[in-house]
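The structure follows.
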Amino acid sequence: DAMVIQNPRYQVTQFGKPVTLSCSQTLNHNVMYWYQQKSSQAPKLLFHYYDKDFNNEADTPDNFQSRRPNTSFCFLDIRSPGLGDAAMYLCATSPGGLAYEQYFGPGTRLTVT
Amino acid sequence: AQSVAQPEDQVNVAEGNPLTVKCTYSVSGNPYLFWYVQYPNRGLQFLLKYITGDNLVKGSYGFEAEFNKSQTSFHLKKPSALVSDSALYFCAVRAFDRGSTLGRLYFGRGTQLTVWP
């Protein structure tokens, strides 16, 4: 089945220790998104790629970076995680265009100790 | 400013009864409206969307939603609730932001639906 895969599902990192979360898709969608979701809150968009075109949300901290080496993969790098970065990180994809829904991965739950 | 409101944090309903989860929106231009469901420790799953056409849209798992332009609402409904429908439901509207060719999804804060046996 075509899908959005996130690895790992659970990640524990130490305060200040860089961490990378990964997302892959078999849907061949143009657009990939990264969201941060804190407990029972709405997902907050961090950034998205339309093909190789990177779009950063204005309020996304500089601590968060992203890479998309090819259509299938996208990475979220947190350079120096703080306790406030503990959250669920959701990757989503969609075809280009406003009318399309987004397809979400299962998420990676990040714990910062 | 673009926004979505889900006025109820929690909706409780008995199995077999109809359910409604409310959503209102504020957006410039034509709204593209979506409902997503989230089960614990999972990503969001798409339920249904309104883009244009018939105001009543049908989606997955027996859910439907009615677009009401005059009331700027897009309430989610199901005629007969199941215990397995218990989850967190998000309404979202897609709207343009300046400088963005894609627009972005604006989510409501979510409504926790609990269906008891």
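The values are calculated or read from the model by the stated rules, or taken from the named source; none is laboratory data. Remember, predicted model here, so these are calculated numbers, not experimental data. Here Cβ is always computed from backbone atoms with ideal geometry, including for glycine, and neighbour counts include all displayed protein chains. Surface accessibility is based on the protein's heavy atoms, side chains included, excluding ligands, DNA and RNA. Shrake-Rupley method; radii C 1.70, N 1.55, O 1.52, S 1.80 Å.
So B:PRO117 fits all but one of (1) more than 11 Å from every other protein chain (Cβ to nearest Cβ); (2) under 24 Å from A:LYS38 (Cα atoms); what number is the exception?
Just one mismatch for B:PRO117, condition (2).
Against the definition (within 14 Å of another protein chain (Cβ to nearest Cβ), closer than 24 Å to A:TYR89 by Cα and small (Gly, Ala, Ser)), how does B:GLY29 come out, yes or no? First the steps, then the outcome.
Values: within 14 Å of another protein chain (Cβ to nearest Cβ): yes; closer than 24 Å to A:TYR89 by Cα: no; small (Gly, Ala, Ser): yes.
Here the answer is no, as B:GLY29 does not meet what is asked.
For the structure I just gave you, tell me whether A:MET32 is of a type outside the set (S, T, N, Q), farther than 16 Å from A:ALA86 by Cβ and open to solvent by 10 Å² or more (accessible area, probe 1.4 Å). Spell out how you get there, then give the answer.
Numbers: of a type outside the set (S, T, N, Q): yes; farther than 16 Å from A:ALA86 by Cβ: yes; open to solvent by 10 Å² or more (accessible area, probe 1.4 Å): no.
So A:MET32 does not fit the description; no.
Answer with yes or no whether A:ARG109 is away from chain B (no Cβ under 11 Å), open to solvent by 60 Å² or more (accessible area, probe 1.4 Å), over 23 Å from B:TYR50 (Cα atoms) and charged (D, E, K, R).
no
Can you find a residue in region A:17-28 that is modelled with pLDDT under 95, within 14 Å of another protein chain (Cβ to nearest Cβ) and farther than 28 Å from B:SER3 by Cα?
The answer is yes, given that some residue of region A:17-28 is modelled with pLDDT under 95, within 14 Å of another protein chain (Cβ to nearest Cβ) and farther than 28 Å from B:SER3 by Cα.
Across region B:56-99, which residue is farthest from B:GLN6 (Cα to Cα) among those that are among the polar types (S, T, N, Q) and open to solvent by 70 Å² or more (accessible area, probe 1.4 Å)?
Ranking the qualifying residues of region B:56-99, first place goes to B:SER84.
Quick one: B:LEU76 ticks every box in (1) within 24 Å of A:VAL4 (Cβ to Cβ); (2) within 14 Å of another protein chain (Cβ to nearest Cβ) bar one, so which box is it?
(2)
Give me a count of the residues in region A:50-65 that are hydroxyl-bearing (Ser, Thr, Tyr) and open to solvent by less than 20 Å² (accessible area, probe 1.4 Å).
1
Can you go through A:GLY96, A:GLY82 and tell me which one is within 8 Å of chain B (Cβ to nearest Cβ), open to solvent by less than 30 Å² (accessible area, probe 1.4 Å) and among the small types (Gly, Ala, Ser)? Before the answer, list the steps.
Numbers: A:GLY82 fails: within 8 Å of chain B (Cβ to nearest Cβ).
Step by step, each of A:GLY96, A:GLY82 is checked, and only A:GLY96 is within 8 Å of chain B (Cβ to nearest Cβ), open to solvent by less than 30 Å² (accessible area, probe 1.4 Å) and among the small types (Gly, Ala, Ser).
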